[in-house]
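The values are calculated or read from the model by the stated rules, or taken from the named source; none is laboratory data. Because the structure is a prediction, the values reported are computed rather than measured. Note: ideal-geometry Cβ built from the backbone for every residue, glycine included; neighbour counts use all protein chains shown.
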């Protein structure tokens, strides 16, 4: 399964469900940088170093980062969804059959959008 890196605003319940689905998810909280106001560019760079795809709700900034540097291990941008199980399942469904997330920008939107 995928190696993911969730930024600070990504819901932890979704992280937990993704882990149950078999994904290796590192959170910014686990790195000890929670609450430090880490810039998105730093999150992006850390994910590259860790060889992980970023999973985020911050769509605009990470779309821009993807456009400026496509030498990354994936960016998964999501809309806010209060149904954490559904959100995790939609992320899982979007990436489970991909051979690699490298250089890809993957959009996972709530079904009602």
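Quick notes on this one:
- Check on residue 22, at pLDDT below 95, out of contact with any helix residue (DSSP H, G or I) (no Cβ under 6 Å at 6 or more places or on another chain) and either part of a loop (DSSP other than H, G, I, E, B) or within 15 Å of residue 77 (Cβ to Cβ) (or both): no
- Filter pass, residue 57 being in contact (Cβ under 8 Å) with a residue 60 or more places away in the chain and surrounded by 14 or more Cβ atoms within 10 Å (Cβ to Cβ): no
- Scanning the range 20-38 for residues that are under 22 Å from residue 103 (Cα atoms) and in contact with a strand residue (DSSP E or B) (Cβ under 9 Å, 6 or more places away or on another chain), we see that the one that is surrounded by the most Cβ atoms within 10 Å (Cβ to Cβ) is 25.
- Of all the residues in the range 39-89, those that are in a helix (DSSP H, G or I), under 16 Å from residue 11 (Cα atoms) and touching a helix residue (DSSP H, G or I) at 6+ places or on another chain (Cβ under 7 Å) number 4.
- Among residues of the range 1-19 being in a loop (DSSP other than H, G, I, E, B) and either surrounded by fewer than 18 Cβ atoms within 10 Å (Cβ to Cβ) or without any contact (Cβ under 8 Å) to a residue 40 or more places away in the chain (or both), the one that is farthest from the chain's Cα centre (by Cα) is 1.
- Hits in the range 80-108 - residues which are touching a residue at least 24 places away in the same chain (Cβ under 8 Å), more than 16 Å from residue 51 (Cα to Cα) and surrounded by 15 or more Cβ atoms within 10 Å (Cβ to Cβ): 81, 84, 87, 88, 89, 91, 92, 106, 108
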